Ligand code: VG1
Ligand code: CO
């Protein structure tokens with residue numbers, strides 16, 4: 001055992017380290033400022049102190065600056081007295097796998113390095129967040145404490161030591177700390193195998209007439225998807241495309257939606273379309289699923305998984321309840337009502353599901369932003385959702401489009417779309433929301449007269465707030481909701497994950513129970529709401545944009 005001395009380094013506090021929807025996300029160049037990463041890490045350690053004798057999980061999505069950051073954090077964790085650090089080989093751990101490892105090895109938590117779906121590279125984004133012992137993102141109370149620490153920090157602890165070899169499995173002792181380089185995939189893959197009917201899924205591929213493609217988008221899920229889909233389930237080699245994690249995600253945007261996963265989208269369209277396609281994001285927690293010439297909206301996906309949970313071994317005994325983030329469509333609410341289980345509506349971000357999952361109040365949960373998950377970990381889980389769908393297809397022996405259409409036939413269809421206006425001027429975006437909030441009391445009863453929206457009336461409107469049913473903590477100002485008399489709803493909120501200006505998100509959804517109207521184009525089905533949204537908030541006027549940058 002080497003003798004080492006802990007160094008206390010003087011540092012200057014930064015005033016911009018407040019974690020957003022999912023951790024602290026900034027440009028790499030900001031993280032490269034002297035002391036920037038160190039301050040945040042020390043703030044985390046101060047918040048969870050004492051660290052002596054505790055274990056910590058460490059890994060990230062492999063983006064640019066991942067390896068450098070891991071070395072800095074290892075040295076600081078040693079200096080702060082941790083007794084054990086579990087690091088994913090190569091510095092890699094997908095977000096759901098990190099959650100799985102924290103839970104399985106009962107550590108006090110973990111640090112996950114990721115900016116998720118944001119691009120990577122020297123001029124792109126980096127991020128860091130702390131997850132607690134339940135494997136889930138730190139709740140607001142903790143992130144607030146971490147932020148307070150960053151404002152007053154004067155010193156951080158580290159040691160002088162060489163970089164640790166990250167690419168070799170094994171253990172290394174430095175001072176009181178054992179550093180273990182672990183296989184990032186195995187614990188997670190074993191968990192998946194214990195939850196789903198792998199034999200039924202294997203038979204899909206054995207027959208040879210089921211074609212699947214998984215687009216890992218050169219992000220973290222490549223090795224996970226190869227191990228599970230190709231090795232354990234026997235899907236043919238090449239099923240996983242863009243499977244090698246790259247520090248810049250191959251120059252792409254690792255966001256699994258119809259715009260950014262166009263390579264996959266093309267494979268699922270046309271006469272020779274594959275049967276099933278899926279993609280995940282930078283850190284592996286999001287999923288997009290596609291059938292042959294068929295797109296599954298994430299809100300519908302959550303509703304359908306809930307309605308069919310009894311087909312899956314892990315949920316065959318039933319589910320206790322469900323939750324969705326507020327902007328997510330109400331499709332899952334209808335299923336919960338029919339199943340006679342509770343349905344919770346939470347603010348945006350996975351951290352709000354943690355208490356409900358820990359308390360056993362819910363089993364499944366999800367968000368419109370391509371996030372679905374369950375109580376098996378405390379993060380959303382991209383590959384889990386794909387396996388859930390595969391298991392469903394194997395059991396039902398039906399194409400994806402039939403499963404979805406049967407669902408609509410039973411419950412009706414909730415049309416949903418999200419319009420994003422990216423990198424708009426922060427001041428203008430905030431002013432738009434401010435004016436909208438001011439108008440809330442006068443909105444109910446307002447009747448619209450536009451060409452498409454004549455007669456549409458506002459029934460109610462509010463600024464969403466949430467009281468956690470487990471610890472009674474209150475979260476306010478989570479988005480403006482406007483309900484209309486045609487069953488429609490419009491939600492306005494500003495993103496908490498962007499790194500440039502502000503991103504305005506406008507969420508539109510409307511219920512339809514006339515089967516003759518189930519095959520409409522989504523934008524068409526929602527066109528009157530889209531017009532109302534602009535009339536209400538002055539989107540074009542405030543953003544200076546004629547149309548959204550991204551439509552999902
Ligand atoms: C977005 C999504 C939100 C998701 C969050 C983190 O947040 O809307 O639903 O939980 O990203 O996802 P925002 O504040 O930008 O709307 V991930 O995959 O970045 O960890
Ligand atoms: Co993500």
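The values are calculated or read from the model by the stated rules, or taken from the named source; none is laboratory data. Keep in mind the model is a prediction, meaning the values are calculated, not measured. Neighbour counts are summed over all protein chains in view; Cβ atoms, including those assigned to glycine, are modelled from backbone coordinates with ideal geometry.
Here the stretch 289-307 is the region considered, the condition is being more than 22 Å from the chain's Cα centre (by Cα) and in a loop (DSSP other than H, G, I, E, B), and the residue that is surrounded by the most Cβ atoms within 10 Å (Cβ to Cβ) is 292.
Output the residue which, of all residues in the stretch 107-134 that are part of a loop (DSSP other than H, G, I, E, B) and closer than 21 Å to residue 76 by Cα, is farthest from ligand 2 (Cβ to nearest atom). If we take residues in the stretch 107-134 being part of a loop (DSSP other than H, G, I, E, B) and closer than 21 Å to residue 76 by Cα, then 108 is farthest from ligand 2 (Cβ to nearest atom). The listed residues are 112, 146, 128, and the only one of them that is within 13 Å of ligand 1 (Cβ to nearest atom) and closer than 19 Å to residue 14 by Cβ turns out to be 128. When the stretch 268-287 is filtered for residues that are in contact with a helix residue (DSSP H, G or I) (Cβ under 8 Å, 6 or more places away or on another chain), assigned to a loop (DSSP other than H, G, I, E, B) and more than 16 Å from ligand 2 (Cβ to nearest atom), the ones remaining, listed by number, are 273, 274, 275. If you take the residues in the stretch 243-259 that are within 16 Å of ligand 2 (Cβ to nearest atom) and under 20 Å from residue 389 (Cβ atoms), which one is farthest from the chain's Cα centre (by Cα)? Per the stated criteria, the residue is 257.
Among helices (runs of 4 or more DSSP H) entirely within the stretch 186-267, having at least 1 residues that are outside the structural domain of residue 94 (by TED's automatic domain parsing), in contact (Cβ under 8 Å) with a residue 24 or more places away in the chain and surrounded by fewer than 19 Cβ atoms within 10 Å (Cβ to Cβ) singles out 186-195, 198-206, 262-267. Taken over the stretch 13-42, the criterion of being within 15 Å of residue 155 (Cα to Cα) and touching a strand residue (DSSP E or B) at 6+ places or on another chain (Cβ under 9 Å) is satisfied by 35, 36, 37, 38, 39, 40, 41, 42.
On the stretch given as the stretch 337-360, residues that are in contact with a helix residue (DSSP H, G or I) (Cβ under 8 Å, 6 or more places away or on another chain) and crowded, with 24+ Cβ neighbours inside 10 Å total 2. Hand me the list of strands (runs of 3 or more DSSP E) wholly inside the stretch 325-386 holding 2 or more residues that are within 16 Å of ligand 2 (Cβ to nearest atom) and at pLDDT 95 or above. Here the list reads 364-367, 371-374.
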